[in-house]
1. Under unit Cβ charges (Lys, Arg +1; Asp, Glu -1), what dipole magnitude, rounded to 20 debye, does the chain have relative to its Cα centre?
2. Give the Rg (one decimal place) followed by the Dmax (whole number) of the chain, computed from C-alpha coordinates and expressed in Å.
3. Specify the angular offset, from 0 to 90 degrees and rounded to the nearest 10, of the alpha carbon long axis of helix 60-77 from the longest principal axis of the alpha carbons in the chain.
4. Could you run the Karplus curve 6.51 cos²θ - 1.76 cosθ + 1.60 with θ = phi - 60° over region 44-49 and give me ³J(HN,Hα) per residue in whole Hz, x for Gly and Pro?
5. How large is ³J(HN,Hα), in whole Hz, for each residue of region 12-19 in order, when computed from phi with the Karplus curve 6.51 cos²θ - 1.76 cosθ + 1.60 and θ = phi - 60°, using x for Gly and Pro?
Amino acid sequence: MSGKIIGLLLLTFLELVCGLGAKSEAMACRARAEVYRRNVLDSEDRTQEYQSLLEAISAPSAVSERHAWFEFLNGRRSPEL
């Protein structure tokens, strides 16, 4: 009889320890997934920011403004005689 009680107590203890371990692993997995999700969102934000900057730099109006500015600067440095 005492062997059955000890066995049941041991089984209960093992289930408790394994259950806590599984819960801990599940929480760690959720935390890793959240970190991964935040990194992906941050990467997407940076990608959108860089795309908008590239579009602003390479827009035809921006290119023509830079070209006019460079011509103006070159005209000031070496005026034609």
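No lab work stands behind these numbers, since they all come straight from the coordinates. It should be emphasised that the depicted structure is a prediction, and the values quoted were computed from it without experimental measurement. Neighbour counts run over all protein chains shown; Cβ positions are idealised from the backbone, glycine included.
1. 480
2. 33.4, 115
3. 50
4. 5, 4, 5, 4, 5, 4
5. Going residue by residue, I get 4, 4, 5, 5, 5, 5, 5, x Hz, with x marking Gly and Pro.
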